[in-house]
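Rule-based calculations on the coordinates, nothing more; no lab input. From a predicted model like this one, the values you see are computed outputs, not experimental measurements. Backbone-built Cβ (ideal geometry, glycine too); neighbour counts: all protein chains shown.
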Amino acid sequence: MCPQNFDEVTTENMTENTSEYVSDEMAANETGDSIETSAGEDYSSEDVGAEDNILVCDGLVKIYKTDDVEVLALQGLELEIKRGELVAIIGKSGSGKSTLLNMIGGLEKPTAGRLYVDGHDLFAMSEKGLVEYRRKSVGFVWQNSGQNLFPYFTALQNVEAPLYFDRMSQKDRREKAMNLLKMIGIDHKANSYPAQMSGGEQQRVAIAVALAHDPQILLADEPTGAVDSKTSNMIQDLFRKINEEIGITIIIVTHDLSLANKVSRVIMISDGKISTEKIMKEKYRQQLDNMTTENLAEVESHEEYSILDKARRVQISQEALEMAGIDSNKVRVEVKDGKIILSK
């Protein structure tokens with residue numbers, strides 16, 4: 001039987017996943033721990049990145065080991081994301097994009113390299129500091145609604161859940177949760193349970209839940225992967241609206257290339273490294289709100305750039321190599337009229 005009043009729900013009523021969440025929340029509240037770093041771990045904007053960067057990945061390496069094999073998921077990945085950016089990280093399965101997202105969320109640690117968030121070395125924090133970071137600084141939206149929502153809570157109760165351990169009155173908690181549902185355009189489902197909502201409605205509630213703690217960064221892992229194309233477009237537009245209205249940094253990890261038409265910056269990841277980036281053209285940005293979904297595919301929206309890493313290496317796509325007729329691991333490099341030319 002579903003509980004009718006959120007304040008009647010105790011930790012004994014919660015599932016195993018809920019208990020893990022409660023443990024993190026209670027540990028952070030009991031210790032009063034703040035986001036802390038070891039001495040000297042703050043970075044200088046001159047050394048690591050510009051002051052308006054909220055995220056700097058510096059040579060991230062991640063190796064997964066089993067008894068028989070080692071898998072290199074990230075290979076010295078370097079990335080900077082500015083405060084308030086709306087970014088899509090796109091790559092095939094196994095490219096390393098989900099590993100990167102988990103690291104940004106403080107869920108996995110790198111084998112080597114550093115990750116700076118708002119000037120702090122994330123993995124120089126204590127475990128208590130990481131709990132507080134996950135609780136306050138990042139919000140998560142997962143592809144599977146079962147990871148986002150409690151099935152026996154209404155939409156309103158789900159949004160209230162992250163606020164339950166804050167020092168807020170029931171009235172303030174209820175008011176904040178309702179305002180978030182209104183902003184997302186799902187307040188008419190406030191008293192509905194997840195089973196009574198469509199997949200798109202569940203994802204919209206999940207976004208409201210992720211925003212409940214006013215995080216600095218919103219992380220979305222394949223948020224449109226389990227919905228139809230119409231709902232996918234609606235969710236994409238919702239991320240743009242949130243980014244514009246709140247100014248929150250949003251990082252979406254996906255294999256859905258249609259997202260490229262809706263975000264300011266597209267980062268293509270391949271074999272654990274950033275291969276190319278696409279930056280939205282200003283003229284396209286100005287016209288975007290007036291375009292239909294059909295028209296988006298017809299307009300050239302972004303400028304594409306290949307990425308040089310710190311060792312001055314660049315990845316060339318297989319498609320480009322085939323178009324150039326290059327079928328070996330050796331290329332001729334020439335500079336003519338200020339242009340670098342690769343040939344057989």
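Side notes on the structure shown:
- Segment GLN75-LYS109, length gained on full extension (0.36 nm per residue, minus Cα span): 10.8 nm
- Panel order for GLU80, GLU175, GLU334, by other beta carbons found within 10 Å of each beta carbon, from fewest to most: GLU334, GLU175, GLU80.
- Length released on extending from ASP337 to ASN144, taking residue separation times 0.36 nm less the Cα-Cα span: 64.3 nm
- Take the Cβ atoms of ASP256 and ILE63, set R0 to 30 Å, and the FRET efficiency comes out at 0.60.
- Taking 0.36 nm per residue of sequence separation and removing the Cα-Cα distance, the ARG167/GLU322 pair yields an extension gain of 49.8 nm.
- Entries of LYS109/LYS241; LYS136/LYS189; LYS92/LYS330 with Cα pairs more than 28 Å apart: LYS109/LYS241
- Here region 109-126 and region 188-242 have alpha carbon centers that stand 29 Å from each other.
- Vicinal HN-Hα couplings computed from phi for region 154-163 (Karplus, 6.51 cos²θ - 1.76 cosθ + 1.60; Hz; Gly/Pro x): 6, 4, 5, 5, 4, 5, 5, 3, x, 8
- By the rule of a C-alpha distance below 17 Å, with chain neighbours fewer than 8 residues away ignored, the lysines paired with LYS310 are LYS273.
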